[in-house]
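Laboratory data are not the source of any read-out in this text; all were calculated from the coordinates shown. Note that the structure is predicted; figures quoted are calculated from it, not measured. Glycine gets a Cβ as well: all are built from the backbone with ideal geometry, and neighbour counts include every protein chain shown.
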Amino acid sequence: MATAAKKASVIDSSAARGPGSKRPPGRPATRGGLVGVLMAIYRFLASLKLAVLGLGSLAASLAFATWLESRYSTATVQDFVYRSTWFALLLGFLAINIFCAAAIRFPWKRRQTGFVVTHLGLLVLIAGSYISFRTADEGEVVMLEGETKSQLLRLQDSVIRLREVDARTGEPGATRDFHFAPGPFAWGNGQARLNNLLDFTLSGLTDGRLPTPSSSGEVLSQPGDPVRVAIKTFYPAAAPSTVHEADPSGTPMARMQLEFKAPGMPQAREAFASEDEQWFALDRRFHRVARSEIGGREAPALIAFGYVDRPELIEDFLKPPMDAGPRGLARFRYADKSGKTRVHDLPLRDQEGKTITLPESDLSVTVEKVADFPTSDGGLFRVLGEAAVPVGIFEIRKGDGPAVKHWALASLPMIPNVAPNPDDPSATPPQPLASINLMVVPDLDPKLSGRMGQIEVLAGPDGKLSYRVFGRGKDGKTVLRSSGQVATGKAIPALGGGDMPMFINFRVDDYLPAGVTRQVYEPLYLPKAQMDQGIPAVLLELSTGDASREVWVRRDDSTDTPAFRPVQLGDRTYQVAYDVDRQPLGFQLKLDKFDVGFMPGTENATKFESQVRLTDDSQGIKERPHLISMNDPMSHRGFTFYQMRYSPVSDPETGQKTGLYQSVLHVGVDPGRPVKYAGCLLLVLGIFLQFTMKAGVFSDTARRKMEQATRRLRGPAGDGAAGRDEPERL
């Protein structure tokens, strides 16, 4: 063929040249040694094969990044692809190939102008991407109507803020900020941290067995800092929870469950659905806690847990006075004239204003008042589960001495019988002359309450648990159904059963003689497309000197100032907050009005736009109005504000929506954007030049080559010119 003949002639003429003959333009001379190796590398970097490999790798990487973002989150693809070292190397390698492919053809001819401009545009585009990678920033501005904001919330930059509280003044000191990048996935607590795409791939292939988890966490502080700050666990989306654990400084607590079956129910059900509801942690003031409601509705039986520190009070608990009447019975324990401890029971029906002398003593007791104290005051309803609690007020006098006022509250024998003087709270209260236990049997009359019974569990000083169950008798009066010792984990029949259509059982699953309730956070597994919407939490380890403590902190959702929580570390008090980086904008935005439009009958928004006013003292701008909508951003001083979304505002106490909305503006600043735009323009210009100049597709030379190819396809049967090549004119 003519083409082969042409190549052969070129080879022959090249071989025939002498040592002084010139080589074809565009072909560097072949040299030996180090220079030859470098020239070989240079030709490889400029080769078309490498360009195909680089462009193919870039296309595959972008396709993978698109899949990764749709499968997980934007933060995932940013960390593992776009901001990764390997992706930067890929772009750099591609830029070198583009540069060498253009440089190896130097000096360029006029017909190569489009080729050079196209390659220059690609290089400028890659340079702009690198500038954006190094300098671009983004965040959010969140506002309610009437609010003014001048801060940018950089959600991708997490910060732990720590400050010490002055022991004398109670004022917090200077705040230290610890910036960190936790990544898009949970780590710690047995989970490995996925730092890059290789770790992510290994974790997926081995079902999380690789890479190996580290127990050290991430240390944020520097050597020499007064407090060592380390992150042990990170959850990108966390839900609050509580744990109950043994602690010598804690109070008794028990995990109890109530099981009941009502008429018509196919099977029994448990009253307390969550573990938090099952734990009964004592109030230090009253040493008792009770529940009479389940899910906002009255429970079939009140269930209570209490603690006493004296064995005689356990005896009182197991053998209540069933015939004492509605006012109950006051049991006095006192020392007689010989110093011996005696017990005297005084039924309180019709005893107000009367005085008695305790047997074998010089103690006189006057019953001042017996009444029902409302539990709405002082949080007693949470403790007793009753709307009112019987209280007895007594004056006890020893011989001719002064009268000492004593108090007794039903079901609360651990409350001191002598209270401080309300007129002088700082004065030391007098010593009690007797111990008084007011015992009142609960009223389960069906005319007054829908409650069928009352179940009480009492812990003693020996760590053992006792119980008693009150129920209704045949005449509607309260009776003691059963009492005795509690075996942990064993169900105890309480009410009903046998031939009755309903029954109530209870059991104590766990008991801690001294325990604390600690707030923790558990991982929240969101749908793949919603992983960016979770609120993260971290487990911090704070250490100073010999003191060390772990504390859970959830990222603050406040858009104004971070919310600090106190942490006691040894004899010092600190405040810690998990926040985002807050950068000043340098100007102010005020939201005048936020409009949200919905499709009729749905909560699908059709539009949302913000009417804001811009104030920038440095540029002499005072309350300049702007409208920011989904397709109409606002730009100022390099910042571009987009109407990203909106957020309904809920009442913090009830959780109900208030009808107000927060406007969420996405803010972007990208110094590399003009460079990328310039690269795109050069790229388009270069392609245009290649199509229009002499060496382009629409040039005369291109048309002649197309005609020659057509004639070759027709073969010898053509018009006689087929198979012969015209001399190429450039």
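Let a ≥ b ≥ c be the square roots of the eigenvalues of the Cα gyration tensor of region 578-632; is it rounded (a/c under 1.5), or, if not, prolate (a/b larger than b/c) or oblate?
Oblate shape, in that a/c is at least 1.5 and b/c is the bigger or equal ratio.
Could you work out how much longer the chain between D309 and T654 gets when fully extended? Use 0.36 nm per residue separation minus the Cα distance between them, nm to one decimal.
Contour length minus the Cα-Cα distance gives 120.3 nm.
Read phi for every residue in region 475-487 and hand back ³J(HN,Hα) as whole Hz from Karplus 6.51 cos²θ - 1.76 cosθ + 1.60, θ = phi - 60°, with x for Gly and Pro.
8, x, 7, 6, 10, 8, 6, 6, 7, x, 8, 10, 9
Hey, if you put +1 on the Cβ of every Lys and Arg and -1 on every Asp and Glu Cβ in the chain, which of S70, G325, T559 ends up farthest toward the positive end of that dipole?
Farthest along the dipole direction, towards plus: S70.
Round to the nearest 10 and give me the degree value, 0 to 90, for the angle of helix 85-103's Cα axis relative to the longest principal axis of the chain.
Between helix and principal axis, roughly 10 degrees.
Which percent, to the nearest 5, of DSSP beta bridges fully inside the chain are antiparallel?
Taking every DSSP beta bridge with both residues in the chain, the antiparallel ones total about 95 percent.
When the dipole is taken about the Cα centre of region 284-365, and only Lys, Arg (+1) and Asp, Glu (-1) are charged at their Cβ, what size is it in debye, to the nearest 20?
It works out to roughly 280 debye.
Assign one of three labels to region 132-193, namely rounded, prolate or oblate, based on the Cα gyration tensor with a ≥ b ≥ c the square roots of its eigenvalues; rounded applies when a/c is under 1.5, prolate when it is not and a/b is larger than b/c, and oblate otherwise.
Taking the square roots of the gyration eigenvalues as a ≥ b ≥ c, region 132-193 is oblate.
What list of ³J(HN,Hα) couplings, whole Hz, do you get for region 675-681 from phi and the Karplus terms 6.51, -1.76, 1.60, once you set θ to phi - 60° and write x for glycine and proline?
5, 5, 4, 5, x, 5, 5
Between region 208-234 and region 616-666, what's the alpha-carbon centroid distance in Å?
37 Å
By counting other Cβ atoms within 10 Å of each Cβ, how are L94, L55 ranked from fewest to most?
L55, L94
Taking neighbour counts of Cβ atoms within 10 Å as a proxy for exposure, in what order, fewest first, do I415, I41 appear?
I41, I415
To the nearest Å, what is the center-to-center distance of region 66-125 and region 241-314, using C-alpha atoms only?
Cα centroid to Cα centroid, the span is 65 Å.
Using the Cα centre of the chain as origin and beta-carbon charges of +1 (Lys, Arg) and -1 (Asp, Glu), tell me which of A88, A246, G121 is placed farthest towards the positive end of the dipole.
Highest projection toward the positive end goes to G121.
Can you pull the Kirkwood radius for the chain, inverse mean 1/r over Cα pairs, to one decimal in Å?
34.8 Å
A 24 angstrom limit on the alpha carbon distance is what I want to check against. Which of K319/K474; K149/K676; K369/K474; K319/K354; K622/K676; K593/K676 exceed it?
K149/K676; K369/K474; K319/K354; K622/K676; K593/K676
Considering every pair of different Cα atoms, what Kirkwood radius, in Å, is found for region 233-381?
Mean inverse Cα-Cα distance, inverted, gives 19.9 Å.
What do you get for trypsin sites (Lys or Arg not before Pro) in region 478-529 restricted to DSSP loop and a cutoff of at most 16 other Cβ within 10 Å of the site's Cβ?
Within region 478-529, the qualifying trypsin sites (Lys or Arg not before Pro) (loop, at most 16 other Cβ atoms within 10 Å) are K490.
Of all trypsin sites (Lys or Arg not before Pro) in region 628-667, which ones are in loop regions per DSSP and have a Cβ with at most 16 other Cβ atoms within 10 Å?
Answer by residue number: R637.
Would you order L123, L89, L58 from fewest to most other beta-carbon atoms within 10 Å of each residue's own beta-carbon?
If I rank by nearby Cβ atoms, fewest first, I get L89, L58, L123.
From the C-alpha coordinates alone, can you work out the Kirkwood hydrodynamic radius of region 573-691, in Å?
Kirkwood hydrodynamic radius for region 573-691: 18.0 Å.
How large is the charge dipole for the chain, taken about the Cα centre, if only the Cβ atoms of Lys, Arg (+1) and Asp, Glu (-1) carry charge, to the nearest 20 debye?
In total the dipole reaches around 5060 debye.
Can you find, among L540, P107, F594, the residue sitting farthest towards the positive end of the charge dipole of the chain, where Lys and Arg contribute +1 and Asp and Glu -1 at Cβ?
P107
DSSP loop (so not H, G, I, E, B), at most 15 other Cβ within 10 Å: list which trypsin sites (Lys or Arg not before Pro) in region 163-222 pass both filters.
Here the trypsin sites (Lys or Arg not before Pro) that fit, given the DSSP loop and packing criteria, are R168, R209.
Looking at the square roots a ≥ b ≥ c of the eigenvalues of the Cα gyration tensor of region 206-294, which shape do they give, rounded for a/c under 1.5, prolate if a/b is larger than b/c, or oblate?
In terms of gyration-tensor shape, oblate.
Which order do peptides 152-159, 114-121, 260-267, 563-570 fall in by mean Cβ count within 10 Å, highest first?
114-121, 152-159, 563-570, 260-267
Measure off 7 Å from each Cα along the Cα-to-Cβ vector at Q78 and A403, then give the distance between these two points in nanometres to one decimal.
In this crude spin-label approximation the distance works out to 7.4 nm.
Under the Karplus relation 6.51 cos²θ - 1.76 cosθ + 1.60, θ = phi - 60°, what is the ordered set of whole-Hz ³J(HN,Hα) values for region 70-77, x standing for Gly and Pro?
5, 7, 10, 7, 5, 4, 5, 6
Quick one: which residues, 5+ away or cross-chain, put their amide H under 5 Å from the amide H of F272? H built at 1.01 Å from N.
Close amide H contacts, sequence-distant or interchain: L258.
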